[in-house]
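K.L.:
Here it is, the structure in full.
What follows draws every value from the coordinates through simple rules; no lab data is involved. Here the structure is a predicted model, which is why all the values come from computation and not from measurement. Ideal geometry is used to build each Cβ from the backbone, glycine not excepted, and the neighbour counts take in all protein chains shown.
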Amino acid sequence: MGKPTYQAKNTTGLIHHSDRGIQYCNNVYTQILKRNNIDINMTAENHRYESAMAERVNGILKDEFYLDQTFDSLQHAKRATKNAINLYNEIRLHLFLDYQTPNMVYLKTA
């Protein structure tokens, strides 16, 4: 059995990936996302593996790039997130991608 292939989806906005935890289903929380034009992607009820790729990436951002810490300011959080995503996409080599970065793989196919 070969490795599954994933096609990168071009998006122009933000997507909030989550499970159906009470904090993410809260009406106040979802209204804030909607007001800020952030698409909401939740797993179906009782299907915790449905957003496995998003969960994996979020785990990497927290564990390897320490994005689960408390930041001093919104600007600090934005800067740390931007740096982590840049490292993940442009510098970190991925075994699944034959030791290439996502940008090396997806920019070749674009």
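K.L.:
Using a Förster radius of 22 Å, what is the FRET efficiency between residue 80 and residue 44 based on their Cβ-Cβ separation? Nearest 0.05, please.
P.N.:
The pair residue 80/residue 44 has a calculated efficiency of 0.10.
K.L.:
Further question: What is region 64-110 by shape, rounded, prolate or oblate, if you read a ≥ b ≥ c off the alpha carbon gyration tensor as root eigenvalues and call it rounded for a/c under 1.5, prolate for a/b larger than b/c, and oblate otherwise?
P.N.:
In terms of gyration-tensor shape, prolate.
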